[in-house]
1. Of all residues in region 84-93, count the ones that are within 16 Å of the ligand (Cβ to nearest atom), assigned to a helix (DSSP H, G or I) and surrounded by fewer than 24 Cβ atoms within 10 Å (Cβ to Cβ).
2. Would you pick out the residues in region 148-173 that are away from the ligand (no atom under 16 Å from the Cβ), closer than 12 Å to SER118 by Cβ and touching a Lys or Arg at 6+ places or on another chain (Cβ under 9 Å)?
3. Take the conditions more than 13 Å from the ligand (Cβ to nearest atom), surrounded by fewer than 17 Cβ atoms within 10 Å (Cβ to Cβ) and outside any helix (DSSP H, G or I) and apply them to GLY209. Does it pass?
4. Within region 45-71, which residues are closer than 13 Å to VAL29 by Cα, surrounded by fewer than 16 Cβ atoms within 10 Å (Cβ to Cβ) and out of contact with any Lys or Arg (no Cβ under 9 Å at 6 or more places or on another chain)?
5. Which one is surrounded by the most Cβ atoms within 10 Å (Cβ to Cβ), of the residues in region 279-298 that are farther than 25 Å from SER84 by Cβ and within 16 Å of the ligand (Cβ to nearest atom)?
6. State yes or no: is VAL7 part of a strand (DSSP E or B) and under 15 Å from the mean Cα position of the chain (by Cα)?
7. Check region 266-275 and report whether any residue there is within 16 Å of the ligand (Cβ to nearest atom), buried (at least 21 other Cβ atoms within 10 Å of the Cβ), under 21 Å from the mean Cα position of the chain (by Cα) and under 22 Å from HIS242 (Cα atoms).
Amino acid sequence: MGRTILVTGGAGYVGSHCVAALLEAGHRVVVFDNLHQGHREAVLPQAELVVGDLADRDAIAAAFAGRRYDAIMHFAGNIQVGESMRRPFLYLGDNVQCAVNLLEAAAAHGVSRFVFSSTCAIFGATGRASIDEDAPVAPEDAPVAPGSPYGESKYLVERILAWAERVHGIRYAILRYFNACGAHPHLPLFEDHDPETHLIPIALDCALGRREEMQVFGNDYDTPDGTCLRDYVHVCDLAAAHLRVLDRLDAGSRAYNVGSGNGHSVREVLDAVRRVTGVDFPVRMLPRRPGDLPRLVADPSRIRAELGWTPRYASIDEIVSTAWRWRRAHPGGYAELARARG
Ligand code: UFG
C-alpha cells in the first residue's frame, strides 16, 4: 500500500530522483525544500511542494500540519567537501541544526521512520582498498574524525540519530552515498548545482565548450595514475536503495554504504567523458583540493546481502551517457528548461 513520505531536499539532485522512484512505486510524496540549491522544475507534478527552510521551525510545523507521514527521507543539506573546508561552521552548524529541527518535529508528530542521506566522506583516510560499514571513521592518529567538516556534519547527524532512536523510538536507515552521478534515463531530472563543483558535469561542460579547460585537482596522490579514486554510483541506483531500505526499516535501524565497489580515477572519468561525447578538451593539472581524500571506494557487501541491492548502471560510460543526454539538451540547466516550458 502506498505510504506518505516527507522528502526534504526533494527538489535537489538525489532527492528529486528519489521522489520519482517513490512516486513510481505508488507512494505519496510531500517535498520540503527551500529552493536555494534545489529547483522547482525538478519536483514532478505528482508530488506536493512545500517551500520552506529546515532552519525555520515554524515552516517545518506548517509542513506537518494536517498531514500524517509514514516516513521522512532527509536529503536537504550543504554538500560540498571543498566549501566546507573554507566555511566549516556553515556545515557543522546548519547541517546539524536542520537535522535536529526535523527530528524534533518527527518525534513530536510520532513519525518513527527516518532515512538519512549520509556520505562516504564520513570516513577519514582509511587507507583501505574498499570501505565497509565497519571501517574506522577516525584513523587512529587523526585528531578530527572525517576528512572534512562536511563529512563531520553528516557523521554528527548519524550519532544524533542513535539518540533519536533511543529516546524517541525513531527507526532510521543511514545511506552513505559514494559519488552520486548520472541522470534519469527518461524523466527531465539531472544534476544542476550553482556553482557546479562536481567532476562529471564540469567535464561535460568542457565537452560542450562552455568551459575552456578541465582543471584536475592533484596528480600526486598515492593511486595508480596519481589522481583521486572515487566510486561513481548512478543516482537512480541510489534512489532504488532508498526504496529498498524503506521496506526494511521496521526490522531495525541500520547503516549502509552505497556504492558500486568499483573505483575510477579522475583521469579515467575524463576519458569516459571523451568517449561518450566524442569531444576532446584541454586538461590542466592543479594542486590538490583541500579536503579531498585519495581513495573512496565502497565495499557494498552489506547492502547487497541484506537488501538485495546491486547497481543497474554498471559502467562509467553508461553513467556518463545519461548525464550527457540532459546536459546537452539543457546546458543552462533547470532555468533553461523552465524558460523552454514557458
Ligand atoms: N575534481 C577535479 N576537478 C574538478 C572537480 C573535481 O579534479 O573540477 C576531482 C576532485 O578533486 C575529486 C574528484 O574529482 O578527486 C571527485 O570530485 P567531486 O567534487 O565530483 O566529488 P567529491 O568526491 O569531492 O564529493 C562528492 C559529493 C559529496 C560526497 C562525496 C563522497 O560532492 O557530497 O562525493 O565522495 F560526500
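1. To start, the set of residues in region 84-93 that are within 16 Å of the ligand (Cβ to nearest atom) comprises 84-88, 90-92.
Applying the additional criterion that residues be assigned to a helix (DSSP H, G or I) yields 84-86, 88, 90-92.
Of the ones still in play, those that are also surrounded by fewer than 24 Cβ atoms within 10 Å (Cβ to Cβ) are 85-86, 88, 90, 92.
Going through region 84-93 one residue at a time, the tally reaches 5.
2. Here is the first cut: in region 148-173, the ones away from the ligand (no atom under 16 Å from the Cβ) are 159-173.
Narrowing further to those that are closer than 12 Å to SER118 by Cβ: 159-161, 172-173.
TYR172, ALA173 - these are the residues of region 148-173 that are away from the ligand (no atom under 16 Å from the Cβ), closer than 12 Å to SER118 by Cβ and touching a Lys or Arg at 6+ places or on another chain (Cβ under 9 Å).
3. Numbers: more than 13 Å from the ligand (Cβ to nearest atom): yes; surrounded by fewer than 17 Cβ atoms within 10 Å (Cβ to Cβ): yes; outside any helix (DSSP H, G or I): yes.
For GLY209, the condition - more than 13 Å from the ligand (Cβ to nearest atom), surrounded by fewer than 17 Cβ atoms within 10 Å (Cβ to Cβ) and outside any helix (DSSP H, G or I) - is met.
4. PRO45, ARG67, ARG68
5. First, pick out the residues of region 279-298 that are farther than 25 Å from SER84 by Cβ: 279-283.
Applying the additional criterion that residues be within 16 Å of the ligand (Cβ to nearest atom) yields 281-283.
Working: PHE281: 19, PRO282: 10, VAL283: 15.
Residue satisfying both the conditions and the ranking: PHE281.
6. Numbers: part of a strand (DSSP E or B): yes; under 15 Å from the mean Cα position of the chain (by Cα): yes.
It is true that VAL7 is part of a strand (DSSP E or B) and under 15 Å from the mean Cα position of the chain (by Cα).
7. no
One line per residue, one yes/no per condition, for (1) modelled with pLDDT of 95 or more; (2) more than 21 Å from the chain's Cα centre (by Cα):
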| site | (1), (2) |
| --- | --- |
| MET1 | no, yes |
| GLY15 | yes, no |
| PHE32 | yes, no |
| LEU44 | yes, no |
| VAL50 | yes, no |
| ALA62 | yes, yes |
| ASP70 | yes, yes |
| HIS74 | yes, no |
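The values are calculated or read from the model by the stated rules, or taken from the named source; none is laboratory data. Note that the structure is a prediction, hence the values are computed from the model and not measured. Cβ atoms come from the backbone with ideal geometry, glycine included; neighbour counts cover every protein chain shown.
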